[in-house]
1. Here's a check for you: in the range 70-110, which residue that is of a type in the set (Gly, Ala, Ser) and buried (at least 22 other Cβ atoms within 10 Å of the Cβ) is farthest from the chain's Cα centre (by Cα)?
2. Is it the case that MET54 is buried (at least 17 other Cβ atoms within 10 Å of the Cβ), assigned to a loop (DSSP other than H, G, I, E, B) and under 16 Å from the mean Cα position of the chain (by Cα)?
3. Of the residues LEU98, LEU68, only one is in contact (Cβ under 8 Å) with a residue 24 or more places away in the chain, touching a His at 6+ places or on another chain (Cβ under 8 Å) and not charged (D, E, K, R); which?
4. Might you let me know whether the range 32-48 holds any residue that is hydroxyl-bearing (Ser, Thr, Tyr), crowded, with 18+ Cβ neighbours inside 10 Å and modelled with pLDDT of 85 or more?
5. Name the single residue that is nearest to MET54 (Cα to Cα) among those in the range 68-127 being out of contact with any Phe, Trp or Tyr (no Cβ under 9 Å at 6 or more places or on another chain) and among the basic types (Lys, Arg).
6. Please verify whether MET115 is more than 12 Å from the chain's Cα centre (by Cα), free of Cβ contacts under 8 Å to residues at least 40 places away in the same chain and surrounded by 14 or more Cβ atoms within 10 Å (Cβ to Cβ), treating the condition exactly as stated.
7. Can you pull out the residues in the range 58-69 that are within 13 Å of the chain's Cα centre (by Cα) and of a type in the set (Ser, Thr, Tyr)?
Amino acid sequence: MDKEPGGMMKHKDERPIADSRKCLRSPLIIQKVHLEGERTVFFGYTKNISRSGMFIATTNPIEPGEQLNLKIPLPAPLKDVICCRCEVVWKRPFGKHLPFEPGLGVKFLDMPEDMAQRIDNWIKSQP
């Protein structure tokens, strides 16, 4: 994955390379993701999740390297709330003519193992 200084994704490689991810991801629409950091409270929505991280769609991405408290209400069948620390690992800005949705990628820093296992099991059950 090519990144410019500051974690900004280069235009030609705006999307992370799936093969570089260590955990399977699955589409999951969550319309309200709450992130709270030292300088910001932030809301967005997520379109995919794995045991190790997720993509959050937003037109105002947070800078890579920033650590945040994350709170996500998960829909059925998981039907739970994830509360953990995460770190922004990349961001993609909003641009009228950019081909991919703006947002940021986060990795979970202290996801409880039981929740990570539930997410894994749910992903494996998806068609």
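The values are calculated or read from the model by the stated rules, or taken from the named source; none is laboratory data. All values reported here derive from a predicted model rather than from experimental measurement. Cβ sites come from the backbone with ideal geometry, for glycine too, and all protein chains shown count toward neighbours.
1. Only one residue tops the list, namely GLY103.
2. No: the conditions fail for MET54.
3. Exactly one residue qualifies, and that residue is LEU98.
4. No; the residues of the range 32-48 include none that is hydroxyl-bearing (Ser, Thr, Tyr), crowded, with 18+ Cβ neighbours inside 10 Å and modelled with pLDDT of 85 or more.
5. LYS107
6. Answer is yes for this residue.
7. THR58
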